[in-house]
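Here is the structure we will look at.
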Amino acid sequence: MLLDNKPLPPHVLAKEFKREDISVFHKVIAATALTALTASAAFAAGHCADGKTLTEGTLTVATGNPAYYPWVMDDAPESGKGFEAAVAYAVAEEMGFAADKVTWARSSFDQAIQPGPKDFDFNLQQFSITDEREKMVDFSSAYYAAPMAILASADAKGTDATVDALKDLKWGAMGGTTAVPVLMDAIGPKDMPLLYGDNADVTAAMQAGQIDAALFDLPTALYLSAVVVEGSAVIGQFPADRTENPDRFGLLLEEGNPLKACVDEAIASLTETGKLAAIEAEWLQETTGVPLIK
Amino acid sequence: MAKIILKGVEKRFGDNTVCDGIDLEVEEGQMVCLIGASGAGKSTLLRCINLLETIENGEILLDGEDISLPGLNPQPVRRRIGMVFQSYNLFPHMTAAENVMLAPRRVYKKSRTELRPEITELFKRFGLADRMDHYPDQLSGGQQQRVAIVRALAMKPEVMLFDEITSALDPQLVGEVLDVLRLLKNSGMTMVLATHEMGFAREAADKVCFLKDGKVVEEGAPSALFDAPQHPDTQAFLARALK
Amino acid sequence: MSKTNAAGKTRRQIYEDRLRRRSMLIAGGSTLAVLLSVLVLVPLAPGWDRVKASFFNWEVFAKTFPKLLEAFKLDVAIFLWSAPAIIILGLLVALARDTRNPALFPLRILGAAYTDIFRGVPVVLTVYLIGFGIPGLGLPRPWNSPYIWGSLALILTYSAYVAEIFRSGIDSVHKSQRAAAQSLGLSDGDSMRFVILPQAIRRVIPAQMNMFIALQKDVALLSFIGPVEIFRQAGVYKSLLANFTPYVGAAVIFLAVTIPATRYADYLMAKQNRERS
């Protein structure tokens with residue numbers, strides 16, 4: 001290309017230098033086979049992400065504002081603590097970005113799906129992958145499949161976990177989530193459910209006695225029952241294989257973003273090596289203290 | 001005893017003394033005219049008699065009873081004293097007949113059907129028979145003012161107060177309203193008028209009072225006051241007013 | 001003998017006709033120019049296809065519109081039971097603030113505090129506070145319904161505005177009307193009821209209509225506490241379809257109601273101004 005006749009721009013030089021850096025690093029720690037494997041995968045993926053990120057040499061990751069436990073601990077994704085923060089750093093590493101080359105941005109759901117260029121490379125805040133959404137934005141392959149679970153108020157937690165018994169409850173859900181179609185299809189409540197703008201409002205309604213039960217993904221439900229809604233309990237769940245649309249979380253990218261292939265590759269590798277399962281066990285089972293029921 | 005007796009009536013708005021110790025007697029069936037320049041206190045004095053204003057000092061006696069006592073409920077007194085204003089003050093959202101019937105309906109608890117015959121009689125008497133169901137804005141100024149008089153009369157007052165009721169009228173409409181006043185006087189109504197109609201005052205009044213700066217400067221029979229005013233202020237005022 | 005031409009028009013009429021034709025031509029031409037530039041230039045913008053796909057997607061519109069219309073019935077219902085309560089409460093507050101009886105002084109203070117507070121607080125906050133707060137005190141069902149308390153939040157907020165408008169109407173009735181009523185021996189209450197209020201209310205009808213148009217839109221705020229009215233329904237579709245077109249559909253429905261109402265209020269206002277001048 002034309003570039004051949006020109007001196008290399010500084011950021012390209014920096015990139016070359018960085019790659020050399022990594023290969024030096026590679027040689028130093030080559031002793032451990034597993035580490036060697038990971039690092040060389042990173043080396044390869046580093047080529048993949050070249051020139052495809054928002055800022056050359058760094059990966060910009062967006063999450064919610066605020067981001068919640070147990071997805072991000074203490075609303076501080078930089079710490080790498082919390083399930084999604086850990087996933088983000090693991091994906092970044094697979095793609096060849098060291099932890100200090102990851103920068104964080106915040107975005108709302110609406111900002112994430114609005115047309116126009118994005119100010120992040122990928123966005124993770126428990127976005128469920130759906131066909132309709134995929135028409136507007138791109139999703140990576142799933143990094144988590146959350147079963148839907150029922151959080152019931154103190155008064156209703158004795159209800160049998162059968163569809164017939166659940167139909168009679170007064171239901172609530174967060175309006176902008178896939179919980180709504182799951183609720184309508186799998187339970188079909190007799191009364192029109194009440195829908196809310198965010199999880200805080202759903203729990204406020206439960207505390208006000210306006211709803212008996214609400215549908216969340218399991219990690220959220222466990223957290224809410226343990227910490228937020230006094231006396232409530234998780235009384236049932238829809239395992240991913242029994243639900244027509246298991247709620248799968250994907251990284252959200254701008255429609256047509258070439259980075260998608262690299263991200264998918266990274267997630268596939270993390271799944272294969274068992275690293276993703278380890279992150280899930282650490283942040284979604286051990287931290288919440290309640291085992292996932294599969 | 002006189003129907004109305006004013007003793008040293010004093011009315012102030014802030015630092016401005018509008019009535020400054022006014023004494024006045026109105027006999028039963030008498031027509032008393034208050035004359036004087038604008039701001040002399042004529043209107044305020046009438047509003048005081050009707051208890052629309054409270055007075056600072058002095059007494060207002062109606063049939064010997066002090067109606068200016070602080071704390072007295074003004075409503076029963078106002079029923080006995082009718083008042084007509086310069087700007088008619090008809091209620092614009094009601095027909096003439098409704099204007100007239102409102103107070104008797106609410107105060108005397110009479111029904112419309114009960115009231116209608118006597119109201120119709122009043123309208124006829126004042127040449128308004130065909131205007132009963134008109135709204136105020138469909139009536140001329142003179143007609144509106146006559147309806148306002150009928151409205152006050154419908155309460156069967158013992159005394160009527162008229163506050164420059166012809167001042168806002170076109171000159172050609174003044175006559176019809178003055179005719180109504182003559183009619184009322186002949187029926188024996190006790191009346192107090194604030195007026196600029198010197199000719200009418202001279203012809204129809206039993207007594208004329210000249211007010212200046214909140215004081216009664218001179219009073220007497222119209223012939224005496226108009227033809228031989230004693231006080232220089234009266235002379236000056238009449239010289240201007242009768243020019 | 002008047003000077004008219006064959007068409008029976010005076011010289012003045014012919015001149016005015018010509019003026020009118022000219023100004024209509026200019027108005028039509030400039031409107032056309034603006035419309036054309038919008039219709040031609042906007043689609044030329046590089047992002048237009050993406051904007052069109054996510055805001056003006058016909059497929060999504062057709063799919064969601066009937067459900068949105070269905071959800072709008074709830075907005076209308078909430079409006080219909082709130083509006084009469086707002087009128088009554090607004091009037092009572094206006095009267096409380098107008099009271100001269102010293103024994104009712106606390107009522108006057110309360111009325112003033114009430115209008116200050118509820119006009120000063122964002123409606124959403126009132127909806128949250130009352131919609132979640134009062135039921136949270138432990139009311140049994142169905143008395144903790146978000147429909148009841150959410151509507152009450154709207155009623156309290158809008159009554160504060162409506163009360164102020166009523167009060168301005170009461171103040172606008174000349175005090176000579178009150179004097180005339182009192183001189184007839186009417187009580188203060190009767191003077192207010194039969195003389196002052198009917199005139200005051202008539203004067204503020206256009207202003208109140210504008211308040212109620214605003215109320216119709218603010219009914220959507222109840223969606224924050226659960227009821228699935230049109231705004232929430234559109235939001236659900238937006239999330240499921242990752243497309244903003246349902247909001248556009250909701251806006252179309254709102255406009256179909258509010259534009260005629262706004263026009264009518266403007267017409268009443270203009271008519272009243274003409275009558276008063």
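When the pairs A:K157/C:K73; B:K3/B:K243; A:K275/C:K52; A:K135/C:K67; B:K7/B:K109 are compared against a 30 Å limit on Cα-Cα distance, A:K157/C:K73; B:K3/B:K243; A:K275/C:K52; B:K7/B:K109 fall above it.
Here's the picture: charge each Lys and Arg Cβ at +1 and each Asp and Glu Cβ at -1 in the protein assembly as shown, and of C:A113, C:Q13, B:T95 the one pushed furthest to the positive end of that dipole is C:Q13. Round to the nearest 10 and give me the degree value, 0 to 90, for the angle of helix B:112-125's Cα axis relative to the longest principal axis of chain B. The answer is roughly 60 degrees.
Apply the a/c threshold of 1.5 to the C-alpha gyration tensor of the stretch C:134-251 and tell me whether it is rounded, prolate or oblate. Let's see the in-between values first.
Details: a/c = 5.63, a/b = 2.17, b/c = 2.59.
Cα axes put the stretch C:134-251 in the oblate bin.
Measuring r between the beta carbons of A:E134 and C:R119 and using R0 = 51 Å, the FRET efficiency lands at 0.65.
The calculated FRET efficiency for C:N273 paired with B:D227, based on their beta-carbon distance and R0 = 45 Å, is about 0.25. Taken along its principal axes, the alpha carbon cloud of the protein assembly as shown reaches lengths of 136, 78, 50 Å, longest axis first.
Shielding by partners for peptide B:125-135, expressed as the average number of C-beta atoms from other protein chains within 10 Å of each residue's C-beta, is 0.
How many percent of DSSP beta bridges within the protein assembly as shown run antiparallel, rounded to 5? List each step's numbers first, then the result.
Values: 38 of 67 bridges.
Of those bridges, close to 55 percent are antiparallel.
Grab the DSSP H runs of chain C that are 4 residues or longer, score each as -39,500 (n - 2.57), total them, divide by all residues and round the 222 nm result to the nearest 500 deg cm²/dmol.
Values: 10 runs with 207 residues, N = 277.
Using -39500 (n - 2.57) per qualifying helix, the result is -26000 deg cm²/dmol.
Highest GNM mean-square fluctuation among B:N16, B:N50, B:N73, for chain B modelled with Cα contacts below 10 Å: B:N16.
Let me know the shape class of the stretch C:57-276, please: from the alpha-carbon gyration tensor, a ≥ b ≥ c as square roots of the eigenvalues, rounded when a/c is under 1.5, otherwise prolate if a/b is greater than b/c, or oblate. Oblate is the answer for the stretch C:57-276, as a/c is 1.5 or above yet b/c matches or exceeds a/b.
Other chains' Cβ within 10 Å of A:192-202 residues: what's the mean?
4
In this label model, C:L41 and B:D130 are separated by 6.6 nm, measuring between points 7 Å along each Cα→Cβ vector. Using the alpha-carbon atoms, what tilt in degrees (0 to 90, nearest 10) does helix B:232-241 show relative to the longest principal axis of chain B? Between the helix axis and the principal axis of chain B, the angle is about 40 degrees. Using alpha carbons only, how many angstrom separate the centre of the stretch C:196-260 from the centre of the stretch A:130-187? Spelled out, the Cα-based centre of one part sits 29 Å from the other. Of interest is the spacing of the C-alpha centroids, which for the stretch B:51-123 and the stretch B:5-45 amounts to 20 Å. Please work out, to two decimal places, the log10 of the ratio I(q)/I(0) at q = 0.13, 0.15, 0.16 Å⁻¹ from a Debye calculation in which every Cα of the stretch B:7-97 carries one identical scatterer. Debye output, listed in q order: -0.50, -0.65, -0.74. Note on the protein assembly as shown: dipole from Cβ charges, positive end direction compared against A:Q111, C:A96, A:V91; the farthest Cα belongs to C:A96.
Just so you know, the averaged projected area of the alpha carbon convex hull for chain B sits at 13.4 nm².
Could you give the longest part of chain C that holds none of the trypsin sites (Lys or Arg not before Pro) found in DSSP loops with at most 10 neighbouring Cβ atoms within 10 Å?
C:101-277
With a simple spin-label model that places each label point 7 Å from the Cα along the Cα-to-Cβ direction, the separation between B:Q138 and C:I205 comes to 1.8 nm. Paramagnetic label reach from C:L129 (point 7 Å along Cα→Cβ; backbone nitrogen cut-off under 17 Å): within the stretch C:208-241, residues C:222, C:225.
Between rounded, prolate and oblate, where does the stretch A:146-247 land on the alpha carbon gyration tensor, with a ≥ b ≥ c its root eigenvalues, rounded for a/c under 1.5, else prolate if a/b exceeds b/c? Before the final figure, lay out each step's value.
Details: a/c = 1.28, a/b = 1.21, b/c = 1.06.
Here the stretch A:146-247 falls in the rounded category.
Which residue fluctuates the most in chain C, going by a Gaussian network model with Cα springs under 10 Å, if the choices are C:A94, C:A179, C:A163? Evaluated over chain C, the most mobile residue of the options is C:A179.
In whole Å, how far is the Cα centre of the stretch B:132-181 from that of the stretch C:34-81? The two parts, judged by their Cα centres, are 63 Å apart. When +1 charges are put on Lys and Arg Cβ atoms and -1 charges on Asp and Glu Cβ atoms, the dipole computed for the protein assembly as shown relative to its Cα centre reaches about 3620 debye. When both bridge partners sit in the stretch A:146-247, DSSP labels roughly 70% of those beta bridges antiparallel.
Computed extension length for C:I14-C:W58: 10.9 nm, one decimal, from 0.36 nm per residue of separation with the Cα-Cα distance subtracted. Between A:M184 and C:R108, the FRET efficiency estimated from the beta carbon spacing at R0 = 56 angstrom works out to 0.60. Helix B:141-153 and the long axis of chain B differ in direction by around 90°, with both axes built from C-alpha atoms.
Where a number appears in this text, it was derived from the coordinates with a stated rule and is not lab data. Only a predicted model underlies this, so the values are computations on that prediction, with no experimental measurement involved. Every residue, glycine among them, receives a Cβ derived from its backbone with ideal geometry; neighbour counts consider all protein chains shown.
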